[in-house]
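The values are calculated or read from the model by the stated rules, or taken from the named source; none is laboratory data. Not measured: the values here are computed from a predicted model. Cβ coordinates were reconstructed from backbone atoms using ideal geometry, including for glycine residues, and neighbour counts include every protein chain displayed.
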Amino acid sequence: MNANAVSSTQINLSWAAATDNVGVTGYRVERCGGVGCTTFTQIATPTGTSFNDTGLTASTSYSYRVRAVDAAGNLGSFSSTSTAATQAAPDTTPPGAPGTLTATATSSTQVDLTWGAATDNVGVTGYRVERCAGAGCAAFAQIATPTGTTFNDTGLTASTSYSYRVRALDAATNTGAFSNTASATTSAASAVPGLLAAYSFDEGAGTTVVDRSGHANTGTVHGAVAWATGGKNGGALVFNGTSTRVEIAASTSLSPTNGLTLEAWVYPTADQGGWRSILQKEVDAWFLHASSGAGNLYPAAGGTYGGGVAFTEAPSAISPNAWTHIAQTYDGSTIRLYVNGALVRSLAQTGALETNSSPLSIGGTNAYGEFFEGHIDDVRVYDRALSVSEISSDMNAPVASPGP
């Protein structure tokens, strides 16, 4: 005899047919409840060799035995005893409401949310974040499913009110009551003069890199994804030297022609040779490298000017396992390369910068590889040549979203 629990309230029984000199007409099924029970009671008289016992108690052990009966009412001996325990009752209890939800606008394009953890009789597995836009809005839509008690909502519109609410979810997909509604208004956008793109790498998770310049040149991380909390300023993105790079789609705002500044903080985690890209508007339209053909970790800067490629390389290497600020400027007559705010090389060069429909890549290129190994923080791109004092000012100011 076999007993198989199929739910919290049902056990299915099956057994081999008995034999009789005249013929078996049916069976008598007996049951007792509880581990080690011995007090059996008849519960069914099926004519076949199976029976589904329903209406049972969840998480309970039941034992069964069966014997055959013939047309003359003769009863055979009992089968072996078979035992099964019903499954636990399904969880129908929803989680409680999360703790107080707070919403804080951190820039013109981002609102950060935090809330208290919800409780559940079994366990909370995640949360559902809903948002609506506009003062007094009521048409909420789900935007995220975090497992923790924080969420950073990015890519928002400047000077806009957003309202949020959160509820918890358990493993049985029961959803709890909503939290309080929290609202925040993003700050007004006020672009830094000439700033085309700026990346703080403070996201800390995921594959999206937010452009803090206000131009919405959002990046996507390709390859291995890892974030560091100990950046030069806040967080940083970790580049593994073999596959990690950030790709930003071509846009009209990423098409400087007569002037350019590229800046970044880099932290090489290994001595590395060959060309190692910090950022490049592919292919070779304009670029900044942490290492070049001049030697291991010798920075370089250049681009394509009037149809021809030109670049200049630093006279010495930067140090591994240390933060270094590297910058390039081009003003229509000279390419200048700066390390930690000091001019280290310059090259006379004229001609308009190449414009194309290829992406901007950070930490590696799609065309050549040139993957950088280490951390990169606070990348900036301008459509004008910054002065030495402006470069120094950027070195001492973390990338931030534009504000009023």
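Structure data summary
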quantity: Residues of the stretch 105-146 that turn out to be under 13 Å from Thr160 (Cα atoms) and not charged (D, E, K, R), as a count; calculated: 13
quantity: Of all residues in the stretch 20-42 being among the aliphatic types (A, V, I, L, M) and exposed (fewer than 14 other Cβ atoms within 10 Å of the Cβ), the one that is farthest from Ala85 (Cα to Cα); calculated: Val22
quantity: Pick from the stretch 154-169, criterion surrounded by 14 or more Cβ atoms within 10 Å (Cβ to Cβ) and modelled with pLDDT under 95, ranking: nearest to Leu101 (Cα to Cα); calculated: Thr154
quantity: Within the stretch 1-100, strands (runs of 3 or more DSSP E) holding 1 or more residues that are charged (D, E, K, R); calculated: 24-33, 50-53, 61-70
quantity: Arg384 of a type in the set (Lys, Arg), assigned to a loop (DSSP other than H, G, I, E, B) and in contact (Cβ under 8 Å) with a residue 12 or more places away in the chain; calculated: yes
quantity: Criterion: assigned by TED's automatic domain parsing to the domain that holds Asn233, surrounded by fewer than 19 Cβ atoms within 10 Å (Cβ to Cβ), at positive phi and not charged (D, E, K, R) - qualifying residue of Gly341, Gly374, Gly363; calculated: Gly341
quantity: Top-ranked residue of the stretch 312-335 - restricted to ones that are closer than 28 Å to Gly374 by Cα and more than 35 Å from the chain's Cα centre (by Cα), ranked as surrounded by the most Cβ atoms within 10 Å (Cβ to Cβ); calculated: Tyr330
quantity: Which listed residue is of a type in the set (Val, Ile, Thr), surrounded by fewer than 18 Cβ atoms within 10 Å (Cβ to Cβ), in the same structural domain as Asn366 (by TED's automatic domain parsing) and farther than 30 Å from Thr150 by Cα, from Thr304, Thr261, Thr220, Thr252; calculated: Thr252
quantity: Residue count, the stretch 177-201 (criterion: touching a Ser or Thr at 6+ places or on another chain (Cβ under 9 Å) and under 24 Å from Leu101 (Cα atoms)); calculated: 10
quantity: The stretch 219-242: number of residues that are among the aliphatic types (A, V, I, L, M) and free of Cβ contacts under 8 Å to residues at least 60 places away in the same chain; calculated: 4
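Every residue, every condition in (1) over 13 Å from Leu262 (Cα atoms); (2) part of a strand (DSSP E or B); (3) within 31 Å of the chain's Cα centre (by Cα), yes or no:
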residue	(1), (2), (3)
Leu337	no, yes, no
Leu343	yes, yes, no
Gly351	yes, no, no
Ser357	yes, no, yes
His375	yes, yes, yes
